[in-house]
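The values are calculated or read from the model by the stated rules, or taken from the named source; none is laboratory data. Values in this document were obtained by computation on a predicted structure and should not be read as measured data. Reconstructed Cβ throughout: ideal geometry from the backbone, glycine too, with neighbour counts over all protein chains shown. Areas reflect the complete protein model, heavy atoms only, side chains present, ligands, DNA and RNA absent. Shrake-Rupley method; radii C 1.70, N 1.55, O 1.52, S 1.80 Å.
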Amino acid sequence: MLYPFQIKSLEQYREVYNKSVTEPEQFWASIAENFQWRKKWDKVLEWNFVEPSVKWFLGGKLNITENCLDRWAKIQPDVAAIIWEPNDPKENTVTITYKELLEKVIQFAKVLKQNNIQKGDRVCIYMPMVPELAIAMLACARIGAIHNIVFGGFSAKSIKDRVADSQCAFAITADGSYRSNKTIHLKEIMDEALEGDSPVKKVIVLKRTGDTVSMKEGRDLWWHEETQKVENQDLKDPIEEMDAEDMLF
């Protein structure tokens, strides 16, 4: 059977589409064979539209970041995983290879674990469109924490509602971000969102604009300082084995 990425004609598309409709379990099992599994699934699909309940790849164990990063870092370590273009043309473009990205994700995963973020904990991510956003998301997935990405243009009220609904224990943000010729004060907005009775215990802040921000003692931490701490410690990769049906985000 052709895989979606091998399709080169309309006829081939129809062949693959028909297979997905007429034999969905066999189709998705063949796609999943491309993944790196810690333990292969016992059953592809279990569904009941009355309850409703739909479960995929029951019994399967994996960590999705091994499929995003580790296997590519092994076979093509120097290929670009992220090419980041800044808002300001005077600012440098950043290219991060698969090897470098894997190292940065493991490093930040260690930061999360050092700050007592555990498998199943919810993490609110309210950041600019920078490579660290992807690093934070992948680091959460690596340790089994559930990431809740909030669009960087949303208000404090919107963040507050999402933090409360998902019961986030941790937040990741930046001092600010750039949109066109404006500076958006993300940390200030996050502080407003966390006023009053908030479940958030720690906030990690990326230095992006360099603007002066208020840092609450005992709660707020700088990204660069936390990553420097784990660099000097002999900590193993905190990757978690996840069930195929475990929540990702």
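Among the strands (runs of 3 or more DSSP E) lying completely within segment 182-224, list those that include at least 1 residues that are modelled with pLDDT of 95 or more and more than 20 Å from the chain's Cα centre (by Cα).
So the answer is 220-222.
Looking only at residues in segment 19-39 that are out of contact with any strand residue (DSSP E or B) (no Cβ under 6 Å at 6 or more places or on another chain) and under 19 Å from A141 (Cα atoms), which one is most open to solvent (accessible area, probe 1.4 Å)?
Applying the filter and picking the extreme gives F35.
Scan segment 46-81 residue by residue and report those that are touching a Ser or Thr at 6+ places or on another chain (Cβ under 9 Å) and surrounded by fewer than 16 Cβ atoms within 10 Å (Cβ to Cβ).
Passing the criteria: E46, W47, Q76, P77, D78, V79, A80.
Can you tell which of A139, A73 is under 13 Å from the mean Cα position of the chain (by Cα), modelled with pLDDT of 95 or more, outside any strand (DSSP E or B) and small (G, A, S)?
A139
Taking segment 146-186, which residues are touching a residue at least 60 places away in the same chain (Cβ under 8 Å) and in contact with a Phe, Trp or Tyr (Cβ under 9 Å, 6 or more places away or on another chain)?
I146, H147, N148, I149, L186
When only residues in segment 33-44 that are modelled with pLDDT under 95 and more than 14 Å from M242 (Cα to Cα) count, which is nearest to the chain's Cα centre (by Cα)?
The extreme case among them is N34.
Are there any pairs, at least 6 apart or on different chains, whose C-beta atoms fall under 6 Å, with the first in segment 114-143 and over 18 Å from C68 (Cβ atoms) and the second part of a helix (DSSP H, G or I) and not β-branched (V, I, T), and if so, which?
R122/S166; Y126/M190; M127/L133
Which of the residues spanning segment 225-249 are part of a loop (DSSP other than H, G, I, E, B), out of contact with any Lys or Arg (no Cβ under 6 Å at 6 or more places or on another chain) and farther than 15 Å from N115 by Cβ?
Those that are part of a loop (DSSP other than H, G, I, E, B), out of contact with any Lys or Arg (no Cβ under 6 Å at 6 or more places or on another chain) and farther than 15 Å from N115 by Cβ: N232, D234, K236, D237, A244, D246, M247, L248, F249.
Evaluate segment 197-215: report whether one residue or more is open to solvent by 80 Å² or more (accessible area, probe 1.4 Å), touching a helix residue (DSSP H, G or I) at 6+ places or on another chain (Cβ under 8 Å) and either among the aliphatic types (A, V, I, L, M) or within 22 Å of F108 (Cβ to Cβ) (or both).
yes
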